[in-house]
Amino acid sequence: MASMIPRHGGRHRPVAPVPARAVRWIAALVAVNGALAPAQTSPSKPADPLPVGTLGKARLHDDPREDGWLTEQIARRCDKTLKQWAAHLSATTPPEVAQLGKFIVPEFRIGRLRPDALERIDHQASFLVSRPSEAALERARTLDRAGAEGFHSALLELLEPLAGATSRRFTIKTIFVHADEMPLRTWVRVETAARLPRGAVQQISYWSCRWRLPDGEAPGLLESIVLEGFEEVEARGTTGTLFADCTVATLGKVAAWERQLQIGSEEWLARMDTRLGYDTRGHQGVAIGDADGDGLEDVYICQSGGLPNRLFLHQPDGTVRDYSRESGTDWVEPTHGALFLDLDRDGDQDLVIGTGFELMLMRNEGKARFVRAGLLRLPRPSISLAAADVDLDGDVDLYAGVFHDADADPGKLAHPIPLHDANNGGRNVLFRNETPAGGEFSFVDATAELGLEQNNRRWTWGVCFEDYDNDGDQDLYVANDFGANNLYRNDGGRFRDVAEEAGCIDRSFGMGCTWGDVDRDGFMDLYISNMWSSAGHRITYQRNFKPELGDGDKARFQFLARGNSLYRNRGDGHFLDVSVETGTTLGRWAWGCYALDVNNDAWEDLLVCNGYLTNTEPEDL
């Protein structure tokens, strides 16, 4: 699904960890855990033994009454009401008037929850996007209905486009709590979605809610609801979605599907030796490429320590063949990333694996049979990989992002210090490719030589190359957790960090990054995935949050909770933060991101992977 707009006149584009053409594979993959038959072990440094503990005995103590945050106490009591209410609205039949009375005070007032006039702002074959005019939104704010009957009529109007739904989902998230004024108000985000015979409908609303809190710890009661924002998206077609879940159809016939991929982390934690390096956080990746040269894209799945990596070869009928053992790539070392790319310019796809304390270089001997042809030492295990021809000599060089550096000082804990601007993380490494065409792999650590030691210990998660200034060479963006990111401008083969002067330093919890020309002006724009936190929004705007700080320093903390960032490339070497006005901040607990044209309309869209391991606790931040 490549964009119909050429990029920079067809100039060389860097090798990316997940190419845009691999979207169908992304839709087919699931988080994978499990173990199968005997696998190889690389000679990398063994994982340090972890202290053995009893899982399930430790519980996170989370009681806002003991933390002194009035906003969180209020949010918890109001959320009790909202969650009960959402459960009623998620049913395929509308709630009864009597069911709504227990959530409101007798004098409850409300206007419209769906404006009386919606304007189509985007009408395509697959989607119809509508929003109200300012006049229609203002009319909706008139509180002309009262009590449970008024509440019921407003809900019926909201749910009218969802009539006949085969399934319905209704979720509410409290973003702000205005606790310094009376009456007490909260700002909530409401998402409604439904599957219909004709497709699907999704609504996103923002409500300003007034509350009354009874004595004790009883749930809050609503005094009024005012609509502050609304958007409705109708998806056309029988499925109502742009993608179809083809996981079982693609992977279901291989033994690994039942014996490995369907087993969750909770079960493996109970049986896995922790010294093997099993990672519960899910920080593994995938690589897409034509491993066997048949013109079909194959997928390589990275795994936690003790679980073998998997190579699935794409078959002509759309299924896969498990070729892990035969290919020589079923390593059981902890693996956090991989790349398919031609390292020796012989025309086939070699494989780079970030495993243990090395980058393992696997030469493709043809037909997806790989042999280990080199190891590149790293200070710590790599979290992310990217490749590009940074010196324009015709071969691709490798860049490895490293998160933390636990061995830097044995007397100190491996924690980011300070939290909002940490510079005590691991050292990222640029390996220059000096491999002769068709020859033995040869790489040199050129990090310092090329200027990439500047600001190089910032707890890196995501890395991506792109020629953002259109000068013919590849620049590098690095997304870092706990503070400032890097934009390394490539000036004739030597790099300099220009993120702050270019206006895209983005001091947040950087997880991933991607380039894409979202406004089609010929210059690549930048999107960064961070963590959006409703609790962070509620707390950092309160008067008692760090009262010793000035407004500027407080704004930096508020930015940490804002979420994802979109920076528009102005074409003069500088970027403009357009995140809020483009509506691209809320990616939830975002990890990876990618810019690609998913619906072939010649405009690049944004794909964001989000979430975290919840186990038996379904609530997130």
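The values are calculated or read from the model by the stated rules, or taken from the named source; none is laboratory data. Note that the coordinates shown come from a computational prediction; the quantities given were computed from them, not determined experimentally. Neighbour counts run over all protein chains shown; Cβ positions are idealised from the backbone, glycine included. The area values use the complete protein model at the heavy-atom level, side chains included, leaving out ligands, DNA and RNA. Shrake-Rupley method; radii C 1.70, N 1.55, O 1.52, S 1.80 Å.
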From the phi of every residue in the stretch 515-530, what ³J(HN,Hα) in whole Hz does the Karplus formula 6.51 cos²θ - 1.76 cosθ + 1.60 yield, where θ is phi - 60° and glycine or proline is x? 10, x, 8, 6, 10, 6, 9, x, 10, 6, 8, 10, 10, 10, 8, 10
Would you please give the FRET efficiency between Ala602 and Thr274, computed as 1/(1 + (r/R0)^6) with r the Cβ-Cβ distance and R0 = 51 Å, to the nearest 0.05? 0.55
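Going highest first, how would you order 523-534, 311-322 by mean Cβ packing within 10 Å?
Values: 523-534: 24.5, 311-322: 17.8.
The packing order, highest mean first, is 523-534, 311-322.
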Counting other Cβ atoms within 10 Å, which trypsin sites (Lys or Arg not before Pro) in the stretch 529-585 have at most 11 and lie in a DSSP loop? Arg543
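Send over a whole-number figure in Å² for the accessible area per residue of the stretch 377-535, probe 1.4 Å. Could the numbers behind the result be given before it?
Working: 5280 Å² over 159 residues.
Value returned for the stretch 377-535: 33 Å² of accessible area per residue.
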Using modelled amide H (1.01 Å from N, peptide plane; none on Pro or chain starts), what sits under 5 Å from the amide H of Asp467, excluding residues fewer than 5 places away? Asp475
Want the number for Asp445 to Leu213: 0.36 nm per residue separation, take away the alpha-carbon distance, what's left? 77.3 nm
Sorted by chain and number, the residues with a modelled amide H under 5 Å from that of Gly512, at a separation of 5 or more or across chains, are Ser529
Label Ala135 and Ala163 with points 7 Å out from Cα along Cα→Cβ: what is the distance between them in nm? 2.7
The simple spin-label model distance between Asp519 and Asp572, using points 7 Å out along Cα→Cβ, in nm, is 1.3
Read phi for every residue in the stretch 599-605 and hand back ³J(HN,Hα) as whole Hz from Karplus 6.51 cos²θ - 1.76 cosθ + 1.60, θ = phi - 60°, with x for Gly and Pro. 10, 6, 10, 6, 10, 6, 9
Separation in nanometres of the label points that stand 7 Å from Cα toward Cβ, at Ser126 and Thr171: 2.1
Counting sequence-distant residues (5 or more places) and residues on other chains, those with an amide H built under 5 Å from that of Trp459 are Gly425, Gly426
Short to long, in 10 Å steps from zero, the percent of alpha-carbon pairs of the stretch 103-228 per bin is 12, 38, 35, 12, 3, 0
Lys546 to Tyr206: FRET efficiency via 1/(1 + (r/R0)^6), r the Cβ-Cβ distance, R0 25 Å, to the nearest 0.05? 0.40
If you average the C-alpha positions of the stretch 88-162 and of the stretch 421-459 separately, how far apart do those two centres end up, in angstrom? 55
Round to the nearest 0.05 the FRET efficiency obtained for Asp346 and Lys554 when R0 = 56 Å and r is the Cβ-Cβ distance. 0.50
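Using 0.36 nm per residue, how much length does the chain from Leu296 to Glu191 gain when fully extended, once their Cα-Cα distance is taken away?
Values: separation 105, 0.36 × 105 = 37.80 nm, distance 3.84 nm.
That pair, Leu296 and Glu191, stretches by 34.0 nm at full extension.
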What chymotrypsin sites (Phe, Trp or Tyr not before Pro) in the stretch 176-259 are in a loop by DSSP, with at most 16 other Cβ atoms within 10 Å of the Cβ? Phe243
Residues in the stretch 179-203 reached by a label modelled at Leu156 [backbone nitrogen below 17 Å; 7 Å Cα→Cβ]: none
